[in-house]
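The values are calculated or read from the model by the stated rules, or taken from the named source; none is laboratory data. In this text, all values refer to a predicted model and were calculated from it rather than measured experimentally. Methodologically, a virtual Cβ is constructed for each residue, glycine included, from the backbone with ideal geometry; neighbour enumeration extends over all protein chains shown.
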Amino acid sequence: MNDKVEPILTQLGRPAQAAASPEEAVLERIPWSGDDKARTLVRFTCPEFTSLCPVTGQPDFAHLVIDYVPGRWLVESKSLKLFFHAFRNHGAFHESCTVAIARRLMETLDPVWLRIGGYWYPRGGMPIDVFWQSGEAPRGVWIPEQEVPPYRGR
């Protein structure tokens, strides 16, 4: 996206369909008008994320927690929900889904800092948690723990 052009929102306040794939999904942003001197952390939590196992085609489920410190942009939340929805018929391993989301957000937002925790429910009896962050957390920003408990069998 071009930083010099104000974004045109194509989904907010309008009927919008989920894309057939994450690559086709339109992830939109809006200008961040916050005070640059007081750093802000933005958190999105998606406790019911789904994708497909690329081998079996069976659904995979995750609890995602995304934290970021905005630069010039915020992610527009409806477009983020539709982006997540585009993974429902997308076959990829847990690690690939988690990192693909992080990279797409980095590309779209160019945040000061971003991290994602992908807390995946068991596949083959074993939960897989995937963590990614863009670098050192910035100083002077309150970054709470993600507090997603580890998976425990019954």
Hey, which of the strands (runs of 3 or more DSSP E) in the stretch 1-75, taking only ones fully inside, have at least 2 residues that are within 16 Å of the chain's Cα centre (by Cα), surrounded by fewer than 10 Cβ atoms within 10 Å (Cβ to Cβ) and at pLDDT below 90? none
Those residues that are in a strand (DSSP E or B) and surrounded by fewer than 17 Cβ atoms within 10 Å (Cβ to Cβ), I need them from the stretch 102-122; list them, please. Tyr121, Pro122
Scanning the stretch 84-131 for residues that are more than 11 Å from the chain's Cα centre (by Cα) and among the aromatic types (Phe, Trp, Tyr) gives Phe87, Phe93, Trp113, Tyr119, Trp120, Tyr121, Phe131
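Residue-by-condition table, conditions (1) more than 24 Å from Pro31 (Cβ to Cβ); (2) free of Cβ contacts under 8 Å to residues at least 60 places away in the same chain; (3) not charged (D, E, K, R):
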site: Leu64; (1), (2), (3): yes, yes, yes
site: Ala86; (1), (2), (3): yes, no, yes
site: His90; (1), (2), (3): yes, no, yes
site: Gly125; (1), (2), (3): yes, yes, yes
site: Trp132; (1), (2), (3): yes, yes, yes
site: Trp142; (1), (2), (3): no, no, yes
site: Tyr151; (1), (2), (3): yes, yes, yes
